[in-house]
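Data block below; observations after.
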Amino acid sequence: MTRTLLRGFDLVATMDDERREIEAGYVLVEGNRIVALGKDPTGNTYDEVIEGKGKVLLPGLVNTHHHLYQTLFRNVPDAADKKLFHWLIFLYERWKGIDNEAVRTSAAIGCSELLLSGATTTSDHFYLFPRGVPRIFDAEVEGGLLSGIRFHPTRGSMSLSKKDGGLPPDSVVQTEEEILADCQRVLERYHDPSPFAMLRVALAPCSPFSVTSELMRETTKLADEYGVLLHTHLAETADEDAFCLEKFGARPVDYMEDLGWLRNDVWFAHLVHLNDSDIDKLSRAKVGMSHCPSSNMTLGSGIAPVVPLKKTGVTVSLGVDGSASNDTSNMIREVRQTMLLQRVRYGADALTAREALYLATMGGARVLHREGEIGSIEVGKAADLIAFDLSGIEFAGAHADPLAALVHCGADRVDLAIVNGELRVRDGRLVDESLYRLIPLHNAISRRLIAGR
Ligand SMILES: [Zn+2]
């Protein structure tokens, strides 16, 4: 088994229960696991030694909400300044042209960008299934795995199109029979429940306004049968409140309660528009949350109540959300956005840099029910590690607290990323150079789709 010693780091920030921070620390990796950490390594038989002077070592970040295919639709001029529902209606007309090559390529590109920005695990919410494009979810899995990231794709679904009062065009929604049959197929084919799995699948109807209540209920039954997690968007905008009241006679959280969706194996993206009763219900159910500040700011959706939610039974994690509403897939930047945006609403002492980093590491691990395997640097956990180099100009003068400096000074890119014991980023570059060669193809596909060809 390969033994890799990472030594001499200015700081090893473990994010364990005691939040230990070890100065001049080391971590020893054997195969895909962490086998030792501390101040002075013993023994000298290593296959590789990685020096950490001037660097901070952390557990890999966990991104819990994304739509990787939207990497093809960044910064689309006519969508860039619109609110969610108008933004969706405009983009659906471009999104409906995606095919397997588009989905595979954008998944590889999006996951590579995540790796470079510190995420070693990512979820993805894939919900667009254009008619006549079979096995498109399979293309997404293929693209994600190509990057080497630990991957949690979710099989999304939409069954309400324009003709039923929904937002998407008819050509990208499926019947409920088609959806449930394909959910079952992908769970059997791809979901790996084994410890340290690199691929796990969850089920994720797109949102309360794009599927029927029947499908929401059936999806929970299927998730129970296969022991997998459930995910969806919830309470993202004020328009959604109005839509749910009109269509279902209930606000979003109450509607989820009716559907049996307030459970510990569910995580919701956004949760921006909540009242006290919503927070109480979500807390009692111990649901997970993916907070996506850049997306919420871009679409002008509002500021999610992360600070009060964090004090309840809700587990908070962070997500970059799709690149059409964030325009980046940069995980460490999302940590800074979280800290800053919560301070706008709750004051300067509302959320520290360390607390924001904790949401992006152990918070994500807990939301994906993998707290025993990832999210902190501890003996026996997976070797999912990242390091930032503090010698750059953006950190000059920030030596007093190197860990907080990552957030306060705006770290942007890792120096090193290891996933499941494999080196994926070294000296700030992806180790697999072939991933860079996908950029021209990705750009060509994007041009074609945005032009509507
Ligand atoms: Zn989303």
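Tell me the helices (runs of 4 or more DSSP H) entirely within segment 225-308 that contain at least 3 residues that are within 14 Å of the ligand (Cβ to nearest atom) and over 29 Å from L180 (Cβ atoms).
293-298
Is it fair to say E334 is under 26 Å from D78 (Cα atoms) and assigned to a helix (DSSP H, G or I)?
yes
Just name the residue that is farthest from A387 (Cα to Cα) out of those in segment 316-338 that are open to solvent by less than 10 Å² (accessible area, probe 1.4 Å) and among the β-branched types (V, I, T).
By that ranking, first place goes to V316.
Which residues, taken from segment 312-348, are β-branched (V, I, T) and within 13 Å of the ligand (Cβ to nearest atom)?
Residue satisfying the conditions is V320 alone.
Among the candidates S161, S194, which residue alone is surrounded by fewer than 24 Cβ atoms within 10 Å (Cβ to Cβ) and either touching a helix residue (DSSP H, G or I) at 6+ places or on another chain (Cβ under 6 Å) or within 21 Å of R263 (Cβ to Cβ) (or both)?
Exactly one of S161, S194 is surrounded by fewer than 24 Cβ atoms within 10 Å (Cβ to Cβ) and either touching a helix residue (DSSP H, G or I) at 6+ places or on another chain (Cβ under 6 Å) or within 21 Å of R263 (Cβ to Cβ) (or both), namely S161.
From the list F73, F126, F85, pick out the single residue that is open to solvent by 10 Å² or more (accessible area, probe 1.4 Å) and within 16 Å of the ligand (Cβ to nearest atom).
F85
Across segment 430-443, what is the total count of residues that are out of contact with any strand residue (DSSP E or B) (no Cβ under 8 Å at 6 or more places or on another chain), in contact (Cβ under 8 Å) with a residue 12 or more places away in the chain and among the charged types (D, E, K, R)?
Looking only at that region, the number is 0.
Can you name every residue in segment 410-450 that is open to solvent by less than 60 Å² (accessible area, probe 1.4 Å) and within 16 Å of L57 (Cβ to Cβ)?
A411, V414, D415, L416, A417, I418, V419, G421, L423, V425, G428
Give all pairs with beta carbons closer than 6 Å in which a residue from segment 231-246 that is over 15 Å from L274 (Cβ atoms) and open to solvent by 40 Å² or more (accessible area, probe 1.4 Å) meets a residue that is more than 13 Å from the ligand (Cβ to nearest atom) and at pLDDT 90 or above; count only pairs at least 6 apart in sequence or on separate chains.
none
Would you check if L28 is away from the ligand (no atom under 16 Å from the Cβ), out of contact with any helix residue (DSSP H, G or I) (no Cβ under 6 Å at 6 or more places or on another chain) and either open to solvent by 10 Å² or more (accessible area, probe 1.4 Å) or in contact (Cβ under 8 Å) with a residue 12 or more places away in the chain (or both)?
yes
Being hydroxyl-bearing (S, T, Y), at negative phi and surrounded by fewer than 20 Cβ atoms within 10 Å (Cβ to Cβ) is true for just one of S294, S290, S301, S283. Which residue is that?
S283
Looking at segment 26-70 only, could you name the residues that are modelled with pLDDT of 95 or more and of a type in the set (V, I, T)?
V27, V29, I34, V35, V49, I50, V56, V62, T64
For segment 130-144, give me each residue that is away from the ligand (no atom under 16 Å from the Cβ), surrounded by 22 or more Cβ atoms within 10 Å (Cβ to Cβ) and not β-branched (V, I, T).
Within segment 130-144, F137, A139, G143, G144 qualify.
Got at least one residue in segment 188-202 being in contact with a Pro (Cβ under 7 Å, 6 or more places away or on another chain), under 30 Å from E30 (Cβ atoms), β-branched (V, I, T) and at pLDDT 95 or above?
Scanning segment 188-202, I find at least one residue that is in contact with a Pro (Cβ under 7 Å, 6 or more places away or on another chain), under 30 Å from E30 (Cβ atoms), β-branched (V, I, T) and at pLDDT 95 or above, so the answer is yes.
Scan A36, A80 and give me the residue that is outside any helix (DSSP H, G or I), more than 20 Å from S117 (Cβ to Cβ) and within 23 Å of the chain's Cα centre (by Cα).
Sole residue among the options that is outside any helix (DSSP H, G or I), more than 20 Å from S117 (Cβ to Cβ) and within 23 Å of the chain's Cα centre (by Cα): A80.
The values are calculated or read from the model by the stated rules, or taken from the named source; none is laboratory data. Predicted, not measured: the structure shown is a model, and the values here were computed from it. Glycine also receives a Cβ, built like all others from the backbone with ideal geometry; neighbour counts cover every protein chain displayed. For accessibility, only protein heavy atoms count, side chains too; no ligands or nucleic acids. Shrake-Rupley method; radii C 1.70, N 1.55, O 1.52, S 1.80 Å.
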